[in-house]
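The values are calculated or read from the model by the stated rules, or taken from the named source; none is laboratory data. What you see is a predicted model; the values in this text were computed from it and never measured. Using ideal geometry, Cβ is built from the backbone for each residue, glycine included, and neighbour counts are taken over all protein chains shown. Areas reflect the complete protein model, heavy atoms only, side chains present, ligands, DNA and RNA absent. Shrake-Rupley method; radii C 1.70, N 1.55, O 1.52, S 1.80 Å.
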Amino acid sequence: MPDMIRPVVEYLQRQLGLNGEETEIALYGIRVIAYSFFGIVSISLVGWLFKCFWETMAVALTASTLRLFSGGAHSRSPLFCVLLGMTVAPFLAKIAALTAGQLPPEALFPVILTGAFLSLLIIYRLAPVDSPAKPITSQQERRKFRLLAVTVMVIIVIIQAVTLNLVLPPGPLLGITLGSCWQAFSLTRAAHRLAFFLDNLIIRGC
């Protein structure tokens, strides 16, 4: 895939007189911003096309918020991370929308509670999971991120319980549960093996 970001950075290099190291930093920063923006837009668009926009937002925001503190498996390709996000989030959202439409109200809370318990257990045992790009260098830092991840998960459950009593649409509530379960899965060895396998497929296909 042609890199359309580099010409922008090269233009900035000429205009601002950046050296080689500064150019690479600028290139990395603009890539992160561009991929993040494209990821948000693509996930929203796919969710809208599949008529599960709010469920998609619930899945994506829950998973991304938890990921800030818990870390998890990731691909070496930022573009593939975007493609995975725009596939997984709407897919889980559609499951949430279809399932919520079939569940009676009294059955929704046990499902949410079960998903929350499993997610909380995995996050407590495994978080935070760092990466070579963002290593955790001390036990104190590790304990801090674990506490933050568990706290965010507890807040998410409280929000679900409160909004469930307000009789809000059940689809987004179930989307929150699936988003937290997906993020919890990303902490496991199975998720890391899957990411490694997919990365190797990409490399072989290049």
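Numbers at a glance
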| quantity | calculated |
| --- | --- |
| Flag if VAL150 is at pLDDT below 90, farther than 20 Å from GLY101 by Cα and either outside any loop (DSSP other than H, G, I, E, B) or open to solvent by 50 Å² or more (accessible area, probe 1.4 Å) (or both) | no |
| Residues being outside any helix (DSSP H, G or I) and either surrounded by 15 or more Cβ atoms within 10 Å (Cβ to Cβ) or at pLDDT 80 or above (or both) - total across segment 170-206 | 3 |
| Condition met for ALA107 (surrounded by fewer than 16 Cβ atoms within 10 Å (Cβ to Cβ), among the aliphatic types (A, V, I, L, M) and assigned to a helix (DSSP H, G or I)) | yes |
| Subset of segment 48-89 [at positive phi and at pLDDT 90 or above] | LYS51 |
| Close pairs from segment 18-32: first under 20 Å from LEU79 (Cα atoms), partner surrounded by 11 or more Cβ atoms within 10 Å (Cβ to Cβ) and of a type outside the set (A, V, I, L, M, F, W, C), Cβ under 8 Å, at least 6 apart | ALA26/GLN13; LEU27/ARG6; ARG31/PRO78; VAL32/PRO78 |
| Within segment 13-33, tally of residues that are in a helix (DSSP H, G or I) and surrounded by fewer than 16 Cβ atoms within 10 Å (Cβ to Cβ) | 13 |
| Test result for VAL8, open to solvent by less than 40 Å² (accessible area, probe 1.4 Å) and not in a loop (DSSP other than H, G, I, E, B) | no |
| Hits in segment 73-96 (condition: surrounded by fewer than 24 Cβ atoms within 10 Å (Cβ to Cβ) and more than 24 Å from ILE5 (Cα to Cα)) | ALA73, VAL88, PHE91, LYS94, ILE95 |
| From SER77, SER44, SER70, residue being free of Cβ contacts under 8 Å to residues at least 40 places away in the same chain and of a type in the set (S, T, N, Q) | SER44 |
| Evaluation of SER70 against (1) among the polar types (S, T, N, Q); (2) open to solvent by 80 Å² or more (accessible area, probe 1.4 Å); (3) touching a strand residue (DSSP E or B) at 6+ places or on another chain (Cβ under 9 Å) (one fails), failing number | (2) |
| Residue list for segment 45-67, restricted to those being open to solvent by 60 Å² or more (accessible area, probe 1.4 Å), part of a helix (DSSP H, G or I) and hydrophobic (A, V, I, L, M, F, W, C) | LEU45, TRP48, LEU49, PHE53, TRP54, LEU61 |
